[in-house]
Amino acid sequence: MKNNFLILLFSLISTGLFSQEYVWSVYNIKVDRVNAGQVVSAMDNYLSKPGNIVDGVTVSLFEIMFASDDNEATHVIAFTGNPDAMNAMYSAGQNDEWQVMMSTFDQLTESEGSGAGRSIHTFNTDAEGPIHHILQLKVDEPDKYENAFKKMWTNVKPDNRITLGQFVSGRKDGMSHYILVSRDDFKDLVTQREWNTKERAAWQTYRKERGDVEIVSTMTRALVKQWK
């Protein structure tokens, strides 16, 4: 699978500190910027019509802002929802309108990989932002890491939406997990958080308790349009 630089979507499922979790699938595409508007229009023509989105599924189109040189994708189409809704989407038939949309994709885009997975712990969904910074991780001891993450962000409320999730299919280079942090704008993306004494102590405990973890890659994407 070519340049499988997985990019992940989050959805507004609840408004509490700790949200209901979800499953997802992503399709990375490469499209010339002069043709990007036609891709958006093709998706909008199909997804805006009643009945063409399964209830409980959200579809989002993202543009990649920053990524490593080996990533050739320019955009990401992401689907997210509860397992039953996502299963219904993949079980549904494809109508003529779907074929028209896919014909546009065949003409204007190139596939750059796909993947699927699930979220594990999500916090602070009421601080959703249109920019997403994603760390792709190789975690040696998943249970230890997941427990440490939950403990950390239960005690220290994050500034923005934050999700820990797991790859199920489409991963590469030993990647097992990801962290997604939403940001409001570029300034929010590049500005470092100022930690108080309690937060610094919680961070040090998290680093000690999480086990060995390696950041395989990072990337940043921006929301273009969303349908649900």
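What follows draws every value from the coordinates through simple rules; no lab data is involved. What you see is a predicted model; the values in this text were computed from it and never measured. Cβ placement follows ideal geometry from the backbone for every residue including glycine, while neighbour counts extend to all protein chains displayed.
What to note about this one:
- Near TYR46: Cβ cut-off under 11 Å, other residues only, Lys/Arg at +1 and Asp/Glu at -1. The net charge is -2.
- For region 125-133, putting each phi into the Karplus relation 6.51 cos²θ - 1.76 cosθ + 1.60 with θ = phi - 60° gives couplings of 5, 7, 10, 4, x, x, 10, 10, 9 Hz, in residue order, rounded to whole numbers and with x for Gly and Pro.
- Dipole moment magnitude, nearest 20 debye, region 64-163 about Cα centre, only Lys, Arg, Asp, Glu C-beta charged: 640
- Rounded tilt (10° steps) of 197-209 against the dominant C-alpha axis of the chain: 80
- For LYS144, the lysines whose Cα comes closer than 18 Å to its Cα, not counting residues fewer than 8 places off in the same chain, are LYS208.
- Cα centroid separation - region 78-92 against region 158-228, whole Å: 25
- Cross-link partners for LYS157 among the lysines, with Cα-Cα distance under 18 Å and sequence neighbours closer than 8 places in the same chain left out: LYS198.
- Viscosity 1.306 mPa s, temperature 10 °C, Stokes-Einstein D of region 21-111 from Kirkwood C-alpha radius, µm²/s: 112
- Contact order for the chain, expressed relative to its length and based on alpha carbon pairs under 8 Å spaced 6+ residues apart, stands at 30 percent.
- Qualifying GluC sites (Glu not before Pro) in region 143-228, where qualification requires a DSSP coil assignment and no more than 13 other C-beta atoms within 10 Å, comprise GLU194.
- Share of alpha-carbon pairs per 10 Å distance bin for the chain, given as whole %: 8, 32, 37, 18, 6, 1
- Residue-wise HN-Hα couplings along region 218-228, as the Karplus relation 6.51 cos²θ - 1.76 cosθ + 1.60 with θ = phi - 60° gives them from phi, are 9, 7, 9, 9, 10, 6, 9, 7, 9, 10, 7 Hz; Gly and Pro carry x.
- Taking a straight Cα-Cα cut-off under 26 Å and skipping sequence neighbours fewer than 8 places away in the same chain, the lysines within cross-link reach of LYS225 are LYS2, LYS30, LYS49, LYS187.
- Estimated [θ] at 222 nm from DSSP helical runs (n ≥ 4, -39500 (n - 2.57)) normalised by residues in the chain, nearest 500: -9000 deg cm²/dmol
- Residue-wise HN-Hα coupling along region 59-73, computed from phi with Karplus coefficients 6.51, -1.76, 1.60 (Hz; x: Gly, Pro): 10, 10, 10, 10, 10, 6, 8, 9, 6, 6, 4, 7, 8, 9, 5
- Low-density loop positions, chymotrypsin sites (Phe, Trp or Tyr not before Pro), region 165-228 - DSSP coil, at most 13 other Cβ in 10 Å: TRP195
- A straight chain from GLU72 to ASP140 at 0.36 nm per residue would run longer than the Cα-Cα distance by 21.6 nm.
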